[in-house]
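Undergrad: Pasting a structure below so you can have a look.
The values are calculated or read from the model by the stated rules, or taken from the named source; none is laboratory data. Everything numeric in this text was worked out from a predicted model, so none of it was measured. Reconstructed Cβ throughout: ideal geometry from the backbone, glycine too, with neighbour counts over all protein chains shown.
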């Protein structure tokens, strides 16, 4: 019986586990090896780690965690959760079972990208969602923002601080007069012709045959939990402007007693920095729940 089972061993899950093992609690981390930013190279905007490869940051964190004797790390996929507070059972894809007093879902999100040929292959390398993570490296060049919904106009306005922006509506939105005025105020140009495909590094080929060259592209994917486990266990979900996430309270407790959630799957907006902070807070709150289970 472990004190805590963490499902998801990316940045938030590891940050939570670190607080717990430093409190000398027995923690099992179960990780399927599918970090959300696995498609990206360098990670930017994370204090002390700016420009370091995302995979290297994760690998270093894991090595540091595994130095603690109360940490168990399992590479594998959890497929079912049963039981309740103080007596949870997590079933693995290979049939093994693990038992814990508390559960933490740190499973991250899956990005549902616009269905444009060539876009998915460039996700994380020349097509992005976060300008704080990737905008600076575009060197104030031409930037395309591909619309996915009403919030995309806001994204186009914001990204204009990083370069000269074209807002590609792609049939997803029809900006009203107020939105057009706001975009014009940020010197954002509008392109209403639908997109045929993405070529080269970040070239947009339109349905009318024109090719627009960009230093990089931004879009706002619809996000959903990358694992169905929390929903299947009965955790309440909620819709946000960025997609679906697990609902938690200020202590990162879900709607189920003894079950917590943190990171991208339980907060917005999303970045490595924010995921680590959220995980650290969740770890402290999990420790508190073990100390004072009736509080």
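Undergrad: What are the residue pairs meeting all of these: first residue in the stretch 9-22, first residue free of Cβ contacts under 8 Å to residues at least 60 places away in the same chain and in the same structural domain as residue 56 (by TED's automatic domain parsing), second residue outside any helix (DSSP H, G or I) and buried (at least 24 other Cβ atoms within 10 Å of the Cβ), Cβ atoms under 9 Å, and 6 or more apart or on different chains?
TA: 21/27
Undergrad: Sort through 118, 144, 108 and tell me the only one that's surrounded by 18 or more Cβ atoms within 10 Å (Cβ to Cβ) and farther than 10 Å from residue 219 by Cα. Don't jump to the end; show me each part of the working.
TA: On the way: 118 fails: surrounded by 18 or more Cβ atoms within 10 Å (Cβ to Cβ); 144 fails: farther than 10 Å from residue 219 by Cα.
The unique qualifying residue is 108.
Undergrad: Same structure, new question: With the checklist (1) modelled with pLDDT of 95 or more; (2) touching a strand residue (DSSP E or B) at 6+ places or on another chain (Cβ under 8 Å); (3) not in a helix (DSSP H, G or I) in hand, flag the one item residue 48 doesn't pass.
TA: Tallying (1) modelled with pLDDT of 95 or more; (2) touching a strand residue (DSSP E or B) at 6+ places or on another chain (Cβ under 8 Å); (3) not in a helix (DSSP H, G or I), residue 48 fails exactly one: (2).
Undergrad: In the set 206, 274, which member is without any contact (Cβ under 8 Å) to a residue 24 or more places away in the chain and within 16 Å of the chain's Cα centre (by Cα)?
TA: After applying the criteria, what remains is 274.
Undergrad: Going by the conditions given, is residue 54 modelled with pLDDT under 95, surrounded by 19 or more Cβ atoms within 10 Å (Cβ to Cβ) and either over 17 Å from residue 103 (Cβ atoms) or assigned by TED's automatic domain parsing to the domain that holds residue 125 (or both)? Break it down stepwise before answering.
TA: Numbers: modelled with pLDDT under 95: yes; surrounded by 19 or more Cβ atoms within 10 Å (Cβ to Cβ): yes; either over 17 Å from residue 103 (Cβ atoms) or assigned by TED's automatic domain parsing to the domain that holds residue 125 (or both): yes.
Criteria met by residue 54.
Undergrad: In this structure, does residue 157 turn out to be in a loop (DSSP other than H, G, I, E, B) and either out of contact with any strand residue (DSSP E or B) (no Cβ under 6 Å at 6 or more places or on another chain) or closer than 30 Å to residue 257 by Cα (or both)?
TA: Criteria not met by residue 157.
Undergrad: If you check 25, 63, which single one turns out to be touching a residue at least 60 places away in the same chain (Cβ under 8 Å) and farther than 25 Å from residue 225 by Cβ?
TA: Exactly one residue qualifies, and that residue is 25.
Undergrad: Of the conditions (1) part of a loop (DSSP other than H, G, I, E, B); (2) touching a helix residue (DSSP H, G or I) at 6+ places or on another chain (Cβ under 8 Å); (3) assigned by TED's automatic domain parsing to the domain that holds residue 91, residue 173 clears all except one; give me its number.
TA: (3)
For every residue, the table says whether it meets (1) assigned to a strand (DSSP E or B); (2) closer than 29 Å to residue 44 by Cβ; (3) not assigned by TED's automatic domain parsing to the domain that holds residue 118.
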position: 187; (1), (2), (3): no, yes, no
position: 193; (1), (2), (3): no, no, no
position: 201; (1), (2), (3): no, yes, no
position: 245; (1), (2), (3): yes, yes, yes
position: 265; (1), (2), (3): no, yes, yes
position: 270; (1), (2), (3): no, yes, yes
position: 274; (1), (2), (3): no, yes, yes
position: 277; (1), (2), (3): no, yes, yes
position: 286; (1), (2), (3): no, no, yes
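Residue-wise test of (1) touching a residue at least 60 places away in the same chain (Cβ under 8 Å); (2) buried (at least 19 other Cβ atoms within 10 Å of the Cβ); (3) closer than 26 Å to residue 53 by Cα.
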{"residue": "152", "(1), (2), (3)": "yes, yes, no"}
{"residue": "170", "(1), (2), (3)": "no, yes, no"}
{"residue": "176", "(1), (2), (3)": "no, no, no"}
{"residue": "202", "(1), (2), (3)": "yes, yes, yes"}
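Undergrad: Considering only residues that are more than 16 Å from residue 278 (Cβ to Cβ) and either surrounded by fewer than 19 Cβ atoms within 10 Å (Cβ to Cβ) or within 22 Å of the chain's Cα centre (by Cα) (or both), which ones fall in the stretch 11-22?
TA: Of all residues in the stretch 11-22, those more than 16 Å from residue 278 (Cβ to Cβ) come to 21-22.
Result: 22, single match.
Undergrad: Would a scan of the stretch 218-238 turn up a residue that is without any contact (Cβ under 8 Å) to a residue 60 or more places away in the chain, under 30 Å from residue 286 (Cα atoms) and part of a strand (DSSP E or B)?
TA: Looking through the stretch 218-238, at least one residue is without any contact (Cβ under 8 Å) to a residue 60 or more places away in the chain, under 30 Å from residue 286 (Cα atoms) and part of a strand (DSSP E or B).
Undergrad: Separate question: Residues being in a strand (DSSP E or B) and surrounded by fewer than 20 Cβ atoms within 10 Å (Cβ to Cβ): count how many of those fall in the stretch 23-45.
TA: Adding up the residues that qualify gives 1.
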